[in-house]
Ligand SMILES: Nc1ncnc2c1ncn2[C@@H]1O[C@H](COP(=O)(O)OP(=O)(O)OP(=O)(O)O)[C@@H](O)[C@H]1O
Ligand SMILES: Nc1ncnc2c1ncn2[C@@H]1O[C@H](COP(=O)(O)OP(=O)(O)OP(=O)(O)O)[C@@H](O)[C@H]1O
Ligand code: SF4
Ligand SMILES: [Mg+2]
Ligand SMILES: [Mg+2]
């Protein structure tokens, strides 16, 4: 049994306006996505800004209500639970955000930010709180001298580690990391990725790792979902993505990425055409307006996500 | 290809700020030149002084709390920008030296059409009549590959995608054929697909118009892709300069080497391996160590590095490095 099973998940955001504050139109943020995550796996989610990555994450962790579809965690459907029924699941699923700044209270020391979570979920008895905080800080590599300091005294990378310590405080089984390293310099990014990699092994974590940086996802994850306009266009194992990728959009993303070696300069792939509006996604394949392989069939009908190999699914009529 | 004549020569540029906690020197003794038709990259971690350097060249530092050291020189075709008056700067800015910033929205006014904004720039910098200005503006939009330029001319910034907006900003910067374009993180806020468009555009520009470009970024992939020469900055100083090929093949400064190694690599053999890191963080400008500024994070540090501050060395094979023990190539 997979740890998580996502079935036909849909999210539309109504946009209201006018005198009567009626729903004028809807943002089609997530358009019926299905996939599973096995225990211990790191699943990456990549795609351009606005393709629905964060919305997907929030739907899974029940920070947003789905318009349709279902999320099953360890065999239990959690999409329609009441707040109190959800509570035990909240502890098992944690989220790390892009902006460590925004997720930490500026008036609270980083130590109390973590012990607050421990106390709320009654993770350890009161007298063991301080010791547990110290343990967590050393696990994520934050200097113990700085437990009584405030967030503004920390660098971006250190704040992100505190955010990770907070997420780990409740011994979650599943973590969603939404662009956890995007705001960091490469040297600091490497530190945080290493911490996540160690913790994953140590705590036997399962992870959904959201990023718009294909290089990072390819390096760090076991598999990735490539999203576009709220759809999954390809699900592909990492490791040898350049050889394995089939979808023209995944290939375009790879080709648009500069290689960090001036001897291997290549003409960057430039996609012509515009991204369709999320208010009116095309009826056929969402990639039609920019796809180099487009045919009539692509305009008429959305290609299904078809399995090509183990862990490799592609939604395209032409490949 | 770049020629060898220098268009801009920066000598000993030091810039400081008055702050609540006292005065700080944000960049110190920065010297470099930009040659006609080349793309010069400036790279380094956040806070190392890239933007202060570029804003000094435009003299766009905040007036109330910044100061340029009087020894500094910024020579642009016979003018010392470091000491130029506002009138001289107005004749240079936008006309001979243009700058684009990280966030395209701040450079565009949301209440006016794209066309109106281009027209203002052209009115200010050229003596063209109205009809020629429109033609010129449409040609500029076309040059940056905006589809339907004649129609887009009458649209507002919010009607364009992020990538198109940044291209409009570039069109505006280029409308007077500047000799030098300074691009401060022009693609950092954009998706790679859009970044690819912008990088291609800058590359063509350099080839066709021989515009010199200073490209500021913290992305070494971008540097590898289009720069000719590179300046690496650390804690307000230049620590290494070299042509892009030598820099990537044989970084001489321990910081450059560590930066290059911390980039995730693709391919089976690298998959899910631990990344080499630079432990620690950039020192605060208020707590700079004596000796080398990189010492706390350096794997090659010796007592000498603690006792004395290394200087940016003499140029050897067109390279300079600020380290007592420059690394040998493999
Ligand atoms: N609360 C909301 N109300 C209305 N629209 C929303 C809301 N949240 C997200 N959207 C829209 O849903 C779509 C998907 O947004 P989402 O934030 O999930 O994208 P993303 O892939 O995470 O992008 P980014 O890389 O920029 O973070 C976008 O069109 C966005 O504008
Ligand atoms: N107006 C200011 N007042 C005080 N200090 C400033 C000011 N502007 C910049 N600084 C300081 O000067 C140093 C260099 O800043 P700069 O903006 O040049 O960095 P950068 O290399 O462009 O970084 P980033 O990659 O984050 O853009 C930083 O320590 C910064 O805090
Ligand atoms: S001078 Fe010394 S401390 Fe500085 S970078 Fe070189 S080896 Fe390291
Ligand atoms: Mg997001
Ligand atoms: Mg900057």
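The values are calculated or read from the model by the stated rules, or taken from the named source; none is laboratory data. Predicted, not measured: the structure shown is a model, and the values here were computed from it. A quick note on method: Cβ atoms are made from the backbone with ideal geometry, for glycine too, and the neighbour counts reach across all protein chains shown.
Computed values, structure above
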read-out	value
Some residue of region B:109-120 being touching a helix residue (DSSP H, G or I) at 6+ places or on another chain (Cβ under 6 Å) and under 24 Å from residue B:199 (Cβ atoms)	yes
Verdict on residue B:130 being away from every other protein chain (no Cβ under 14 Å), out of contact with any helix residue (DSSP H, G or I) (no Cβ under 6 Å at 6 or more places or on another chain) and over 30 Å from residue B:194 (Cα atoms)	yes
From the options B:171, B:224, B:189, residue that is away from every other protein chain (no Cβ under 12 Å) and either within 16 Å of ligand 5 (Cβ to nearest atom) or not in a loop (DSSP other than H, G, I, E, B) (or both)	B:171
From the options B:217, B:241, residue that is over 28 Å from residue B:145 (Cα atoms), in contact (Cβ under 8 Å) with a residue 24 or more places away in the chain and more than 14 Å from ligand 3 (Cβ to nearest atom)	B:241
Qualifying residue in region A:241-254 (condition: surrounded by 15 or more Cβ atoms within 10 Å (Cβ to Cβ), more than 22 Å from residue B:187 (Cα to Cα), out of contact with any strand residue (DSSP E or B) (no Cβ under 8 Å at 6 or more places or on another chain) and away from chain B (no Cβ under 11 Å))	yes
Residue that is nearest to ligand 3 (Cβ to nearest atom) [pool: residues in region A:1-59 that are more than 23 Å from residue A:312 (Cα to Cα) and within 14 Å of another protein chain (Cβ to nearest Cβ)]	A:49
Selection from region A:183-237 of residues that are touching a residue at least 60 places away in the same chain (Cβ under 8 Å), surrounded by fewer than 23 Cβ atoms within 10 Å (Cβ to Cβ), within 11 Å of another protein chain (Cβ to nearest Cβ) and not in a strand (DSSP E or B)	A:183, A:200, A:212, A:213, A:222
Yes/no for residue A:207 being modelled with pLDDT of 90 or more, in contact with a strand residue (DSSP E or B) (Cβ under 8 Å, 6 or more places away or on another chain) and at negative phi	yes
Sole residue being touching a residue at least 24 places away in the same chain (Cβ under 8 Å) and assigned to a strand (DSSP E or B), chosen from A:164, A:176	A:176
Filtered residue count, region A:59-89, keeping only those that are surrounded by fewer than 17 Cβ atoms within 10 Å (Cβ to Cβ) and either on the phi < 0 side of the Ramachandran plot or out of contact with any strand residue (DSSP E or B) (no Cβ under 9 Å at 6 or more places or on another chain) (or both)	15
Residues satisfying the stated conditions in region B:238-250, i.e. surrounded by fewer than 23 Cβ atoms within 10 Å (Cβ to Cβ) and not in a helix (DSSP H, G or I)	B:243, B:250
Elements of type strands (runs of 3 or more DSSP E) in region B:1-113, at least 3 residues being farther than 15 Å from residue B:179 by Cα	B:6-19, B:22-35, B:39-43, B:66-68
Inter-residue pairs, beta-carbon under 9 Å, first within 14 Å of another protein chain (Cβ to nearest Cβ) and in contact (Cβ under 8 Å) with a residue 60 or more places away in the chain and in region B:284-307, second more than 16 Å from ligand 4 (Cβ to nearest atom) and assigned to a helix (DSSP H, G or I), 6+ apart	B:294/B:254; B:294/B:255; B:294/B:305
Residue match in region B:81-102 (condition: within 16 Å of ligand 1 (Cβ to nearest atom), touching a residue at least 40 places away in the same chain (Cβ under 8 Å) and within 14 Å of chain A (Cβ to nearest Cβ))	yes
Single condition residue B:286 does not satisfy, out of (1) assigned to a loop (DSSP other than H, G, I, E, B); (2) exposed (fewer than 15 other Cβ atoms within 10 Å of the Cβ)	(1)
Some residue of region B:256-270 being within 7 Å of another protein chain (Cβ to nearest Cβ), within 26 Å of residue B:224 (Cβ to Cβ), more than 16 Å from ligand 2 (Cβ to nearest atom) and in contact (Cβ under 8 Å) with a residue 24 or more places away in the chain	yes
